[in-house]
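Worksheet: one structure, shown below.
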């Protein structure tokens with residue numbers, strides 16, 4: 001992400017414009033101070049780059065993956081799980097890549113990398129980082145299921161977008177743990193808006209930080225938009241992708257899937273469902289099967 005230098009306020013400048021400049025400076029300072037999540041593992045970066053290149057092939061991806069035994073093991077574990085529901089036992093990584101597809105392998109690589117970051121830290125009582133990871137996996141599954149129900153062609157990308165949607169919270173828990181705990185406590189006590197509490201107490205919300213990290217990690221533009229806009233009514237170029245993740249995030253928070261404070265005040269209406277290609281009937285069908293799908297995914301993405 002290109003560095004944004006702090007700018008000097010000019011006379012008559014609006015409070016909103018000044019707040020925007022302050023948040024930009026805070027984001028850039030945060031990116032410069034990151035350690036644990038400053039970079040993705042090199043193999044994951046290579047996989048993302050390869051998959052995003054339309055000229056790439058399954059053979060090229062195999063050459064990258066086969067040098068990482070831990071990732072090979074993870075891919076074979078997932079491809080043979082009930083979550084994917086593929087017939088027969090898959091013992092070959094080459095066959096697994098063909099069956100999963102390039103985007104499926106990319107999702108697993110990102111999940112394997114991110115899963116290691118959600119360990120050992122406390123967000124706020126009673127939630128730890130693993131609760132946040134469980135929530136992200138639940139939202140990833142929900143995003144995929146809603147995307148498929150809406151007839152979207154990029155259900156795998158919806159899974160990835162859902163998985164990284166709250167990555168900005170990892171920045172906050174690393175750099176401002178006490179302030180984040182205060183945000184959580186005030187949200188629990190007042191039932192208020194989580195993002196508004198973040199901006200008031202930290203100076204920047206997890207959406208702004210999430211977009212910055214997604215840009216830094218060179219995720220697809222749709223995933224960058226999801227990380228930066230998933231608590232707002234969907235609009236713009238990637239309306240459908242942002243919309244399905246917002247719907248999945250809302251329902252997973254209401255179902256209490258992991259860390260659930262961020263979207264407890266969000267509501268889903270029929271117009272929002274219609275905008276992303278869902279009817280109330282298809283929405284209810286997905287919600288009914290979601291707990292089982294989340295349980296299947298949690299068993300392999302732990």
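Structure notes:
- Taking the listed residues 159, 194, the one that is under 20 Å from residue 24 (Cα atoms) and either in contact (Cβ under 8 Å) with a residue 60 or more places away in the chain or buried (at least 24 other Cβ atoms within 10 Å of the Cβ) (or both) is 194, with no other qualifying.
- Take the conditions (1) at pLDDT below 95; (2) closer than 29 Å to residue 76 by Cβ; residue 248 misses just one of them, which is (1).
- Beta carbons closer than 7 Å, at least 6 apart along the sequence or on distinct chains, pair a first residue in region 271-287 that is on the phi < 0 side of the Ramachandran plot and assigned by TED's automatic domain parsing to the domain that holds residue 144 with a second that is surrounded by fewer than 16 Cβ atoms within 10 Å (Cβ to Cβ) and not in a helix (DSSP H, G or I) for 272/233; 273/279.
- Residue 3 vs. criteria modelled with pLDDT of 85 or more, on the phi < 0 side of the Ramachandran plot and in a loop (DSSP other than H, G, I, E, B): no
- Looking at 242, 226, 141, 204, just one residue is over 25 Å from residue 275 (Cβ atoms) and either buried (at least 22 other Cβ atoms within 10 Å of the Cβ) or not assigned by TED's automatic domain parsing to the domain that holds residue 260 (or both), and that residue is 204.
- Filtered by the rule that a residue be part of a loop (DSSP other than H, G, I, E, B) and over 19 Å from the mean Cα position of the chain (by Cα), region 266-302 gives 267, 268, 269, 277, 278, 279.
- Being modelled with pLDDT of 90 or more, under 20 Å from residue 248 (Cβ atoms) and touching a helix residue (DSSP H, G or I) at 6+ places or on another chain (Cβ under 9 Å) is a condition met by at least one residue of region 113-128.
- For residue 148, the criteria (1) assigned by TED's automatic domain parsing to the domain that holds residue 284; (2) touching a residue at least 40 places away in the same chain (Cβ under 8 Å); (3) assigned to a helix (DSSP H, G or I) hold in every case but one, which is (2).
The values are calculated or read from the model by the stated rules, or taken from the named source; none is laboratory data. A quick note: this is a predicted structure, and the numbers were derived from the prediction, not measured. Methodologically, a virtual Cβ is constructed for each residue, glycine included, from the backbone with ideal geometry; neighbour enumeration extends over all protein chains shown.
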